[in-house]
Structure formats: C-alpha cells, structure tokens
Amino acid sequence: MTGRPGTALTVNGEDVQCARPEGQFLTEFLRFELGLTGTKLGCAVGVCGICTVLLDGQPMSSCLVPMITMECRHVWTIEGLAALAGSDRSTGEEACRGLIASQRISAVFDAFISCDAIQCGICTPGQVISAIAFAGELTDADDASIRYRMGGSLCRCTGYGSILRAIRQISENGSG
Amino acid sequence: MDEDTARVGARDSVTGRKTFAGDFLLPGTGHVALIRSPYPHARVKSIDGSEAIAAGALAVVTGDDLALPTYGRRVRDVPVLARGVARFAGERVAAVVAESKELAREVAALVRVEYEPLEAATVASDALVPGSPLVHEAPWAYPGAVITAEDGHNLQSSAIWRNGPDVESVLASSTRTFQASYQVPSRHQGYLEAHVCLVSAEPEAIDVWASNKSPSILREQLVAWLESDTVPIRIHPVAVGGDFGGKGSPMDVPLCIALSRRLGQPVRIEASYGEELTATNPSHSATTCVRLGVDDDNRLTALDVDIVLDGGAYAGFKPNPQVQLFNLRLAGATYRIPALQIRSRIAYSHTVPRGHVRAPGAQQVTFAVESLLDEVARELELDPFEFRRINLLHTGQPGNLGEQWLEMRADETLTAAQGALSEVNPPSRREAGEEWAAGAGVAMFCQQVHSGAAEVALEPTTEGRLTIWVPFPDQGGGQQTVAERVVRTELGIPRELVTVRQAEQSELKRDFGVGASRVTVDASEALIVACRELRTELGETHTQIGSRDGRGSSGATDRVEFSAREWSEVLSALALRNPGHWFLGRADHRDKQPLISVCTQVATVLVDRETGEVIVNELITAADVAEVINEAGHLGQIEGAAVMGLGQAMMEDLAIVDGLVAASQLGKYLLPSVRDTPKQVVVMVRGGKGLGERNVKPIGELAGVAVAPAIGNAIADAVGARIRSLPLTSEKVYFAMQRGVSGGSNAPPAVEGQVPGSEAGGDGP
C-alpha cells in the first residue's frame with residue numbers, strides 16, 4: 001500500500017477511491033463516503049448480516065472488511081443490484097466470480113415482496129443480497145440447505161416464516 | 001407479479017431505498033463518542049479532556065458543563081450526562097464530539113476520568129433491603145415520581161391488585177396449595193437498528209431525526225425536559241428499524257440537542273450494538289413467587305403472585321403513569337380464580353435502566369403462572385389441557401379483578417391449539433433415536449386491548465392522487481399497510497393512486513405512537529371516519545364528473561364505483577377546489593368496554609436424555625384475531641412474535657454479573673436465526689367481538705408470551721425436569737435430570753408440588 005494515495009476499488013461497477021482507508025471499514029465507507037445507505041450498520045461484529053454486500057461475487061458482512069484490504073476488489077451493494085434489476089446487464093466483470101443475471105435479482109425482489117418477507121426493513125437489503133448470492137444454487141434446494149445458506153442474516157421481526165416462503169418461491173420458479 | 005397485496009414501501013425496502021434515522025447526515029455534522037462509566041456505582045471525581053482536544057476533538061463535554069435537568073418518559077430521573085455520580089456501568093459520563101465517527105472514537109480514549117468506585121446494589125431483592133446502598137438520595141423528588149419519602153428503600157414503584165375474598169384465608173382452606181418461585185432474566189428487544197439520532201438545534205427550530213416510534217410523544221417529552229415550548233421541535237419522519245417496546249424514550253436526543261446548541265452545529269449519536277446491550281433500556285428481570293389453591297373438584301380457589309422486578313438505575317424508561325408494567329395485572333386472567341392478589345415491586349438498582357419489551361410484564365408473570373399450573377396438573381395427575389379447561393374464564397363471567405370483558409375466547413383458542421396438536425405427527429422414538437424423549441406442553445396468555453385515540457387525514461392532490469397522512473412511523477408492524485388497505489376498501493380506490501405518508505408530528509393531533517398493539521384498532525376507525533368525510537365532499541364533485549357518463553346522477557355517494565381515470569379526475573377536482581385540504585378522521589376508544597384477546601401455544605420437543613439438549617420441533621399458536629385486515633401482515637406478526645418468544649425461552653439472557661451486562665456485543669447476546677426456528681403451525685381463531693366497524697383485535701404482542709412456559713412444560717413432559725428459570729438451557733435440563741429424575745414421558749414431576757418456600761428447582765450451575 002506504500003506510495004499509493006489511497007485504495008482503488010469498484011463499487012457497483014464504477015471505479016472509486018478511498019482516500020483514507022486506515023481504520024475505516026467498508027460499511028462506513030459505503031454509507032458515509034459514497035452515500036450508499038442501503039447497506040445498513042448493525043452489530044459491527046459480523047453476526048447480524050444487515051450490512052451484507054457482494055464482495056467479488058460472494059456475500060460478505062461489510063462491517064468486517066477493513067478498507068486497507070479493498071485494493072482492486074469489486075463490491076456490489078443493494079443500490080447497484082436494484083439498478084441492474086431494471087436493466088439487461090449483469091455483474092459479470094472478469095474479477096467478479098459468479099455472474100448474476102438481472103432476472104435473478106428481479107426474482108428475489110419480487111419473491112420478498114409477494115411473500116411479505118419484510119417487516120421493519122432494516123435487515124431486508126442484507127437478506128435480499130444473501131438470497132441473490134445463492135439463488136443460482138436454489139433449484140430443488142431442501143429446507144436444511146436454505147436455512148444453512150440464509151443463516152447469516154438475522155431478522156427480529158418476521159420469525160423467518162415469510163423469508164423461507166420467499167426463498168422457496170424462488171426455488172420453485174427456478175429463477176436462479 | 002401482484003403488487004396489489006404488497007406491504008406499503010415493500011419495493012423501497014428490498015431495493016435499499018427505505019430511509020432510517022441513521023441514513024441522514026447534515027453538512028458540518030459533529031459525531032459523538034460517549035465516555036461511559038465502567039463501574040456500577042462510582043463518584044466521578046474529575047474529567048480531563050485536554051488530551052482529546054489536543055488530538056482533534058471539537059469538544060469534550062461533561063454533565064457539569066451542561067447543568068441540565070433530568071428527563072424521562074414519566075419519571076424524569078435520567079441525567080443527560082452523569083453529574084458527580086454514575087449509577088450504572090454504561091452510564092454516559094462525558095461526550096466527545098469530533099468531525100468523524102472514527103476520530104470521535106479514537107480521541108474518546110484520551111479522555112481521563114477519575115472515578116471513586118462505591119458500593120453498589122446490583123440485585124433488586126438486595127437493593128430493596130434497608131441499609132443497602134442508595135441508588136438515588138431522594139427518588140421521590142423527581143418530576144413524575146409515584147413514591148414518597150415514607151415508601152420503601154430503593155423503590156421505583158409498587159402496586160397491589162386484588163379482588164374477591166382474602167387470598168391468605170382462601171389458600172389456608174383450600175384442599176391443596178402449591179407454591180414455587182420463577183426467574184426471568186433481563187432481555188434486550190433485539191431490534192437490529194441500534195439507537196441513532198441526528199439533531200440540528202438552531203435558535204428558530206430544533207430538527208430531529210431519531211429512531212423513535214412515537215414522534216408526537218417524543219416532542220412532548222422534549223418540551224417537558226426543555227421546560228419551554230417556544231422553539232418549534234420538528235421530529236422528521238423516518239422508518240424505525242424495529243422497536244419491540246425499546247424505542248419510545250428520548251434516549252440520546254436531549255444530549256444531542258444540548259451538544260448541538262453548545263457547538264452551534266448538527267450533532268449525531270449512533271449507539272454501537274454493544275452500547276445498545278449495556279446502556280439502553282432492556283427488560284425488567286424478575287423473581288416471581290406464585291401460590292395457587294385448588295379445591296376438591298380441581299378448581300382454582302386462589303392465586304397469589306408476588307413479583308420483584310429490577311428497574312435498574314433509572315425509572316425514566318417506563319411510560320405508565322403508575323411506573324409499573326401494565327400486563328402484570330393480567331396474571332392468571334385466562335382462568336376463573338375467585339381470590340386473587342398480585343403484588344409488584346420495582347426496585348432501583350445500580351444496573352442498566354429497564355424499559356419495555358413487547359408485552360411488558362407479561363412474560364415475567366406468565367412464565368411463572370403457566371409453569372406452576374402445569375406442575376399442579378401433573379401433581380393432580382390431570383391432563384394439562386383438561387386442568388386448564390375446567391378452570392377457564394368464559395364470556396359473560398367477570399374477570400378476576402372485576403373486569404367486564406366484552407368476550408373471553410379462552411376455550412376457543414385452547415381447543416384450536418389442542419386440535420392442531422392432534423394433527424402433528426411427532427417423530428417416533430425409532431426415528432428420533434432411543435436417547436431422545438418426546439414431550440408436548442401448553443400455555444396460555446391473554447392481553448387487554450390498550451386502545452387509545454388516533455387522528456389521521458386524507459389529502460386529494462392536484463395530480464389526481466390521494467395521500468393518506470398518518471401520525472405514526474411503521475416500525476415493521478405493518479400499520480401503514482393496514483391504513484392503505486382500510487382506505488382502499490372503504491373508497492374502492494385503486495392502489496396506484498394512493499400514497500401513505502407519515503405526517504410530521506406537529507401536523508396531526510397528539511398520537512400515542514406505535515405501541516401496545518393499538519394502531520390497527522385506533523387508526524382503522526379514524527380512517528373510516530376520514531373516508532366518510534371525503535365521500536360527503538365527493539357528492540358534488542362526483543355529480544359533475546359522474547354525470548358525464550350517466551352514472552351517479554342520484555348524487556348518492558355511499559358506494560359509488562369509479563374507474564381509475566374517474567378517481568383521478570375527482571381527486572384532482574377536489575384538490576383544485578380546496579387546495580391543501582385534509583379530510584380528518586378521529587377515533588377515541590378510551591371509554592369502550594374492555595376487550596381481551598387470548599392466545600394458546602403448544603410446543604413439542606425432543607430432549608436428549610444424556611445431554612439435556614432440547615430440540616423444539618413444532619410451535620403451535622392459536623390466536624384470537626377477530627377479523628383480519630391484512631392476512632400476510634397478520635401472519636408475520638404471529639410468526640415473528642412466536643420466534644421472539646422462542647429466543648427468549650431458549651437462548652436470550654442479558655445476564656448482569658456484579659452489576660455489569662455480560663454480553664458486550666451481539667453474538668454474546670444470542671438472537672434466534674433461521675436455523676433455530678421450528679416448524680410453526682398458526683391457527684387464526686376468527687370471529688368474535690373486536691373493536692370498531694372492521695371488528696379488529698390487536699396482534700403485535702399476543703404470540704410471544706406463552707412460548708417459554710409451553711416449551712418448559714414440554715420439557716417437563718418429556719423428561720420430568722422442571723426448569724423454573726429462563727432461558728431453558730441444556731445445562732439446566734442436564735443438571736435437573738442428574739438430580740434423580742428418571743426420564744420418560746410419564747415421569748413424575750421433578751419437584752414436589754406442595755413445597756412452601758421451595759427454592760427454584762432445576763437450575764444447574
């Protein structure tokens with residue numbers, strides 16, 4: 001990192017710079033420096049999952065990611081995914097493992113809405129990103145594997161019934 | 001995809017556009033880090049902020065610098081910053097303001113505070129004993145206090161509810177009496193949005209963005225604290241990221257106002273989750289001693305409940321005028337009990353101050369009463385369902401405290417839950433494995449409807465749309481969705497023309513906020529009134545427009561059907577004729593006959609005979625719902641409450657050790673994840689008498705309370721081990737089994753039923 005003015009990364013497909021990465025974590029960089037407040041701050045210790053983003057294609061608690069580790073990495077937040085949902089693009093950059101088609105994102109959004117898998121909404125972006133991340137593996141997923149995959153995102157409101165119904169709907173529709 | 005049944009704001013939620021208090025920043029905002037006392041009780045001898053200032057802090061502020069009055073929801077005993085003494089570990093002692101959150105945290109470590117630790121009263125029962133360290137020198141002197149100098153030592157409040165003949169003499173003459181004592185620890189509400197507030201206090205107005213569920217009342221609390229109503233206070237509408245009773249206090253808003261005024265810039269405080277757990281307003285831990293009398297026919301003769309609750313260092317987080325928890329008086333209310341006495345004492349202690357958690361007070365007494373009822377049934381060799389059934393209170397019978405309930409649907413929910421249990425197929429021993437013992441347990445809870453008053457408004461816009469103005473935020477309960485459904489049903493207006501918005505608190509009359517499960521009940525009625533107002537006005541406008549296609553020429557406005565285009569035209573015409581006009585609707589249910597709703601829950605469990613591990617297989621909830629406005633939202637309230645109850649039953653424990661909250665972060669305080677949830681069976685027991693034209697009953701707090709005793713009773717059914725303290729951990733089950741209880745589903749109770757003064761059994765180390 002020596003000799004570099006900051007950290008260069010991409011967020012939602014665009015090049016961004018973090019001028020002062022030391023001591024800063026990805027959640028607060030996204031929220032305060034880029035104004036991407038769809039990524040929420042919860043426990044700050046990687047337990048609740050409400051700060052989940054896609055980091056190089058994988059769901060990750062952004063509160064655990066120091067900005068000094070972010071050089072050349074690729075982040076998709078809920079805002080970027082929402083924009084993709086309405087387009088025919090995908091998050092298919094070279095460095096981004098796992099291609100995510102816009103249809104898959106739309107299917108997850110629609111399933112969460114139609115199954116009412118939302119109450120206060122603070123955990124919803126993180127839940128949605130977790131679902132998008134493994135929607136590709138969902139076809140015929142059994143209950144245990146759905147629970148395993150979604151286990152990193154806490155929800156205090158719903159009791160998870162409606163979230164499980166949403167995931168099953170995605171699974172049955174083969175939207176992955 | 002059908003968006004017609006979607007929750008209001010659903011698409012904003014899934015796309016991250018829904019905005020919470022923490023999502024706002026103003027130019028030049030100062031960020032605050034708080035210095036908190038590490039001691040349960042200490043004299044604050046000196047605070048030196050010079051190093052922090054040298055390192056870049058904009059200010060280091062102490063309680064003496066501010067010299068401001070205390071605040072609170074009812075009792076105003078909470079200091080904005082401690083002055084001279086810290087009364088719990090986690091109390092705000094000084095505030096550091098800096099340009100960024102990171103810098104504020106960094107330089108806060110440089111503030112030197114010299115403490116003199118003092119002897120502390122960290123357990124409620126000890127704190128009440130004369131001679132224990134005083135938490136407050138003169139607690140009766142605070143505004144809103146309900147005690148006097150003559151009342152007990154370290155007392156926040158006390159209450160006795162009694163009815164019928166003298167409980168002592170009835171117990172003495174009963175065929176059999178039973179007694180046991182039960183413990184419920186403190187629990188955090190567990191919302192995932194920690195408290196955050198942003199304040200800009202200018203001479204001409206104070207602007208507030210705060211995670212608070214009752215903006216109208218927050219404003220009143222701030223006016224009371226400021227002792228002045230000359231500067232407008234604008235509480236800006238924001239979504240609330242979960243509440244469960246914990247977001248009704250001013251919390252850090254008074255401090256933000258003081259700092260913003262002092263520094264002349266906006267100020268923001270965002271609690272870390274660790275601060276949430278250790279320094280906000282979790283539930284009252286409680287010890288409950290219950291005594292029950294039974295006659296020859298196995299009917300209950302008397303119930304005596306004596307509960308001591310830990311209120312922590314400040315009483316200011318309880319809103320109730322009696323500074324009590326209002327569900328305590330419903331102990332045993334599902335049953336007909338001729339002699340009843342409920343005594344409650346809430347103590348001050350040198351621990352985190354306590355507030356409301358979903359159905360405040362209910363879980364503490366319900367776990368005790370429903371567990372003891374089960375112990376009695378087993379002792380009398382009666383089926384726990386049948387023992388409950390012969391003692392149920394029925395519609396038409398007066399409540400135990402003389403209440404004239406509109407109806408009592410205890411039998412209906414008990415029968416529905418029992419029916420659902422008969423359809424559940426427990427795994428056979430062969431499937432589960434020989435080491436697993438199966439069991440089922442039942443428990444009941446009923447809750448009085450605490451309805452209040454509400455005012456709402458409908459505003460036609462010149463664009464031909466209708467705005468529904470409501471005075472409350474949506475903290476997840478679905479109140480704004482219910483509002484939209486009611487208006488769409490009443491008017492027959494298409495969804496795409498309707499927008500629900502939260503009015504800034506000053507624009508509608510006083511509102512009680514989101515709480516006590518009351519919003520659907522009150523607001524639905526107010527909305528119907530507003531819809532009628534709008535319809536009356538529509539008469540003339542409609543005649544003009546409707547006559548064009550020959551409809552509505554009679555001028556009748558009761559059930560006029562408009563197309564979307566026609567709706568747009570009439571709304572636009574209304575708005576042009578009377579720009580900015582609001583059609584107001586009010587409802588006031590405060591003088592209505594008291595209504596109660598009932599919930600019966602059944603848990604089935606498997607218990608490992610060797611290790612004490614407990615697996616909850618099914619959770620059955622039969623809830624008395626009257627009529628339902630929003631099916632999906634209603635189901636979500638029930639399922640969500642039941643899983644919260646599961647967490648509180650099995651894992652949640654905000655243990656306070658020597659005055660310190662042991663869980664310093666989430667993960668040390670456990671919340672249930674999707675991996676922990678059992679299969680849920682929900683039976684909505686419909687019909688009956690609700691409130692208002694839509695015949696509704698509340699739901700938000702109903703389905704979380706009986707879960708813990710139902711699971712505890714199921715564990716006793718499986719292996720005979722009776723656990724009398726929450727949470728129901730495997731360790732407690734293991735040690736209870738070790739104490740000589742043979743396993744098996746027909747095993748006798750682990751403790752004797754008739755043991756006056758018996759200690760809480762079943763608790764391992």
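The values are calculated or read from the model by the stated rules, or taken from the named source; none is laboratory data. This is a predicted model, so every value here is computed, not measured. Cβ coordinates were reconstructed from backbone atoms using ideal geometry, including for glycine residues, and neighbour counts include every protein chain displayed.
Here is a check on your reading of the model: is B:S200 at pLDDT 95 or above, assigned to a strand (DSSP E or B) and within 30 Å of B:E168 (Cβ to Cβ)?
For B:S200, the condition - at pLDDT 95 or above, assigned to a strand (DSSP E or B) and within 30 Å of B:E168 (Cβ to Cβ) - is not met.
Out of (1) modelled with pLDDT of 95 or more; (2) touching a Lys or Arg at 6+ places or on another chain (Cβ under 6 Å); (3) surrounded by 16 or more Cβ atoms within 10 Å (Cβ to Cβ), the odd one out for B:S216 is which?
Evaluating B:S216 over (1) modelled with pLDDT of 95 or more; (2) touching a Lys or Arg at 6+ places or on another chain (Cβ under 6 Å); (3) surrounded by 16 or more Cβ atoms within 10 Å (Cβ to Cβ) leaves (1) as the failure.
If you scan the range B:164-204, which residues turn out to be away from chain A (no Cβ under 14 Å), aromatic (F, W, Y) and more than 22 Å from B:D297 (Cα to Cα)?
The one that is away from chain A (no Cβ under 14 Å), aromatic (F, W, Y) and more than 22 Å from B:D297 (Cα to Cα): B:Y182.
Using the structure shown, decide if B:R329 is free of Cβ contacts under 8 Å to residues at least 40 places away in the same chain, among the basic types (K, R) and either closer than 18 Å to B:Q447 by Cα or in a helix (DSSP H, G or I) (or both).
Spelling it out, it is not the case that B:R329 is free of Cβ contacts under 8 Å to residues at least 40 places away in the same chain, among the basic types (K, R) and either closer than 18 Å to B:Q447 by Cα or in a helix (DSSP H, G or I) (or both).
Name the residues in the range B:666-679 that are part of a strand (DSSP E or B) and surrounded by 20 or more Cβ atoms within 10 Å (Cβ to Cβ), would you?
Hits for the range B:666-679 are B:L666, B:Y669.
Taking the range A:1-29 as the region of interest, how many residues are outside any loop (DSSP other than H, G, I, E, B) and without any contact (Cβ under 8 Å) to a residue 12 or more places away in the chain?
2
Inside the range B:690-709, can you point out the residues that are in contact with a strand residue (DSSP E or B) (Cβ under 7 Å, 6 or more places away or on another chain), closer than 17 Å to B:T413 by Cα and part of a loop (DSSP other than H, G, I, E, B)?
Within the range B:690-709, B:G690, B:K697, B:P698, B:I699, B:E701, B:L702, B:A703, B:V705, B:A706 meet the criteria.
Say whether the condition of being surrounded by 24 or more Cβ atoms within 10 Å (Cβ to Cβ), in contact with a strand residue (DSSP E or B) (Cβ under 9 Å, 6 or more places away or on another chain) and in contact (Cβ under 8 Å) with a residue 12 or more places away in the chain is met by at least one residue in the range B:397-404.
Scanning the range B:397-404 turns up at least one residue that is surrounded by 24 or more Cβ atoms within 10 Å (Cβ to Cβ), in contact with a strand residue (DSSP E or B) (Cβ under 9 Å, 6 or more places away or on another chain) and in contact (Cβ under 8 Å) with a residue 12 or more places away in the chain.
Answer yes or no as to whether B:V643 is within 13 Å of chain A (Cβ to nearest Cβ), over 22 Å from B:D310 (Cβ atoms), touching a Phe, Trp or Tyr at 6+ places or on another chain (Cβ under 8 Å) and buried (at least 23 other Cβ atoms within 10 Å of the Cβ).
In short, yes.
Based on this model, can you work out whether B:G316 counts as buried (at least 23 other Cβ atoms within 10 Å of the Cβ), touching a residue at least 40 places away in the same chain (Cβ under 8 Å), under 30 Å from B:A98 (Cβ atoms) and within 23 Å of the chain's Cα centre (by Cα)?
yes
A quick yes/no check of all residues on (1) within 21 Å of B:G63 (Cβ to Cβ); (2) touching a residue at least 24 places away in the same chain (Cβ under 8 Å):
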position: B:Y182; (1), (2): no, yes
position: B:A205; (1), (2): no, yes
position: B:K213; (1), (2): no, yes
position: B:E227; (1), (2): yes, yes
position: B:H236; (1), (2): no, yes
position: B:G264; (1), (2): yes, no
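Among the residues of the range B:163-189, count how many are in contact with a helix residue (DSSP H, G or I) (Cβ under 7 Å, 6 or more places away or on another chain) and assigned to a loop (DSSP other than H, G, I, E, B). Steps first, please.
First, pick out the residues of the range B:163-189 that are in contact with a helix residue (DSSP H, G or I) (Cβ under 7 Å, 6 or more places away or on another chain): B:177-178, B:180, B:182, B:184, B:187-188.
Going one step further and asking which of them are assigned to a loop (DSSP other than H, G, I, E, B), we end up with B:187-188.
The qualifying residues number 2.
When the residues of the range A:30-53 are filtered to those that are under 18 Å from A:H74 (Cβ atoms) and touching a residue at least 40 places away in the same chain (Cβ under 8 Å), which remaining residue is nearest to the other protein chains (Cβ to nearest Cβ)?
Checking each candidate, the answer is A:G38.
Assuming B:T611 fulfils every condition listed in (1) within 14 Å of another protein chain (Cβ to nearest Cβ); (2) hydroxyl-bearing (S, T, Y); (3) surrounded by fewer than 23 Cβ atoms within 10 Å (Cβ to Cβ) apart from one, which condition is it?
B:T611 satisfies all of (1) within 14 Å of another protein chain (Cβ to nearest Cβ); (2) hydroxyl-bearing (S, T, Y); (3) surrounded by fewer than 23 Cβ atoms within 10 Å (Cβ to Cβ) except (1).
Here is a yes/no grid of residues against (1) touching a Gly at 6+ places or on another chain (Cβ under 7 Å); (2) among the acidic types (D, E); (3) closer than 25 Å to B:S216 by Cα; (4) at pLDDT below 95:
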{"position": "B:V449", "(1), (2), (3), (4)": "no, no, yes, yes"}
{"position": "B:G452", "(1), (2), (3), (4)": "no, no, yes, yes"}
{"position": "B:V456", "(1), (2), (3), (4)": "yes, no, yes, yes"}
{"position": "B:L466", "(1), (2), (3), (4)": "no, no, yes, no"}
{"position": "B:V486", "(1), (2), (3), (4)": "no, no, yes, yes"}
{"position": "B:P494", "(1), (2), (3), (4)": "no, no, no, yes"}
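In the range B:259-317, how many are within 14 Å of another protein chain (Cβ to nearest Cβ) and in a strand (DSSP E or B)?
Selection size over the range B:259-317: 3.
Kindly state which helices (runs of 4 or more DSSP H) lie completely within the range A:70-176 and contain at least 1 residues that are at pLDDT 95 or above, at the interface with another protein chain (Cβ under 8 Å from one of its Cβ atoms) and under 18 Å from A:N12 (Cβ atoms). Walk me through it before giving the result.
On the way: elements: A:78-85, A:102-114, A:124-134, A:143-150, A:161-173.
Once the helices (runs of 4 or more DSSP H) in the range A:70-176 are filtered for at least 1 residues that are at pLDDT 95 or above, at the interface with another protein chain (Cβ under 8 Å from one of its Cβ atoms) and under 18 Å from A:N12 (Cβ atoms), what remains is A:78-85, A:102-114, A:124-134.
From the residues in the range A:54-69 that are out of contact with any Gly (no Cβ under 8 Å at 6 or more places or on another chain) and part of a loop (DSSP other than H, G, I, E, B), which one is farthest from the other protein chains (Cβ to nearest Cβ)?
Among those that are out of contact with any Gly (no Cβ under 8 Å at 6 or more places or on another chain) and part of a loop (DSSP other than H, G, I, E, B), it is A:D56.
Evaluate the following for B:H350: is it part of a loop (DSSP other than H, G, I, E, B), out of contact with any strand residue (DSSP E or B) (no Cβ under 8 Å at 6 or more places or on another chain), at pLDDT 95 or above and buried (at least 24 other Cβ atoms within 10 Å of the Cβ)? I'd like the intermediate steps shown before the answer.
Working: part of a loop (DSSP other than H, G, I, E, B): yes; out of contact with any strand residue (DSSP E or B) (no Cβ under 8 Å at 6 or more places or on another chain): yes; at pLDDT 95 or above: yes; buried (at least 24 other Cβ atoms within 10 Å of the Cβ): yes.
In short, yes.
Inspect all residues belonging to the range A:17-26 and state whether any of them is within 13 Å of another protein chain (Cβ to nearest Cβ), closer than 30 Å to B:Q189 by Cα, surrounded by 17 or more Cβ atoms within 10 Å (Cβ to Cβ) and in contact with a helix residue (DSSP H, G or I) (Cβ under 7 Å, 6 or more places away or on another chain). Let's see the steps before the verdict.
Step one: list which residues in the range A:17-26 are within 13 Å of another protein chain (Cβ to nearest Cβ), which gives A:18-25.
Next, only the ones that are closer than 30 Å to B:Q189 by Cα stay: A:24-25.
With surrounded by 17 or more Cβ atoms within 10 Å (Cβ to Cβ) added as a condition, the list becomes A:24-25.
Adding the requirement that they be in contact with a helix residue (DSSP H, G or I) (Cβ under 7 Å, 6 or more places away or on another chain) leaves A:24-25.
Yes, the range A:17-26 has at least one match.
Checking the structure you have, find out if any residue of the range B:469-491 is crowded, with 17+ Cβ neighbours inside 10 Å, more than 14 Å from every other protein chain (Cβ to nearest Cβ), over 17 Å from B:T520 (Cα atoms) and of a type in the set (V, I, T).
No: zero hits.
Considering only residues of the range B:129-146 that are touching a residue at least 60 places away in the same chain (Cβ under 8 Å) and among the β-branched types (V, I, T), which is surrounded by the fewest Cβ atoms within 10 Å (Cβ to Cβ)?
Checking each candidate, the answer is B:V146.
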